[in-house]
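Chemist: A single structure is presented below for examination.
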Amino acid sequence: DGSSRFGENSKYGTFWSTSAGWNIARENFLSDSKFSSLKLRGSYGISGNDAPLPDYVNQPYASFGLYGLTATTIIPTTTGNQNLEWEKVAITNFGLDFNYGSRLKGSFEYFINKRKDFLQLIPQDYQAGSYTVYSNAGDLENKGYEAELSYDLIKNENWGLTLYGNTSSIKNKILKLRDENEK
């Protein structure tokens, strides 16, 4: 992929993914069960992200503003960062989906997302002119699970009533900050 939001040396990135699934319910040893589907699945991939960045962020630019109470002046808004790189996310998912009988369905998924070089707008010191700069601020991890279950209480040709529930949990952890971002 390519993005003009990065400098010349980091404009392009290679991102890929792979996945596999196995519908265990189709195996002979489960042929007499009430499972119409019992799918075990997994995936892993690398995704690139430039969404937090506005256009031309690798170039310095300025805006008009007030200096004191009355004087209008041009002030630096952001400094360009030619060293910005793609934020890369390694995404790992493991899941189990099932249909049991004609009324019960469910899904469970465990995931780990590791972000490397996450993009962040960093405010600079007021003594330096109070501008901001986008930076690859560090690495972080999101991991957790999602689960859902549904049961058709009433199911006929004219109408139906389904009981549905879901839950999820996520934990975020900063793994590393670049030295200049540890203030």
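Chemist: How about segment 110-126: which of its residues are open to solvent by 40 Å² or more (accessible area, probe 1.4 Å), in a strand (DSSP E or B) and either touching a residue at least 12 places away in the same chain (Cβ under 8 Å) or among the acidic types (Asp, Glu) (or both)?
Modeler: The first filter runs over segment 110-126 and keeps only residues open to solvent by 40 Å² or more (accessible area, probe 1.4 Å), leaving 110, 112, 114-116, 120-121, 123-126.
Checking which are in a strand (DSSP E or B) leaves us with 110, 112, 114-116, 120-121, 123.
Correct list: Tyr110, Ile112, Lys114, Arg115, Lys116, Gln120, Leu121.
Chemist: When you check Tyr151 against the structure, is it part of a strand (DSSP E or B), of a type outside the set (Val, Ile, Thr), farther than 30 Å from Leu84 by Cα and in contact with a Leu (Cβ under 9 Å, 6 or more places away or on another chain), yes or no?
Modeler: So Tyr151 passes the test.
Chemist: Pairs please, first residue from segment 26-40 and touching a residue at least 12 places away in the same chain (Cβ under 8 Å) and among the hydrophobic types (A, V, I, L, M, F, W, C), second anywhere and open to solvent by 60 Å² or more (accessible area, probe 1.4 Å) and assigned to a strand (DSSP E or B), Cβ atoms under 7 Å, 6+ apart in sequence or on different chains.
Modeler: Once the first residue is touching a residue at least 12 places away in the same chain (Cβ under 8 Å) and among the hydrophobic types (A, V, I, L, M, F, W, C) and sits in segment 26-40, its partners that are open to solvent by 60 Å² or more (accessible area, probe 1.4 Å) and assigned to a strand (DSSP E or B) give Phe35/Tyr100; Leu40/Trp22; Leu40/Leu96.
The values are calculated or read from the model by the stated rules, or taken from the named source; none is laboratory data. The model shown is predicted, which means the values in this text are computed figures rather than measured ones. So basically every Cβ, Gly included, is an ideal-geometry build from the backbone, and we count neighbours across all protein chains shown. The area values use the complete protein model at the heavy-atom level, side chains included, leaving out ligands, DNA and RNA. Shrake-Rupley method; radii C 1.70, N 1.55, O 1.52, S 1.80 Å.
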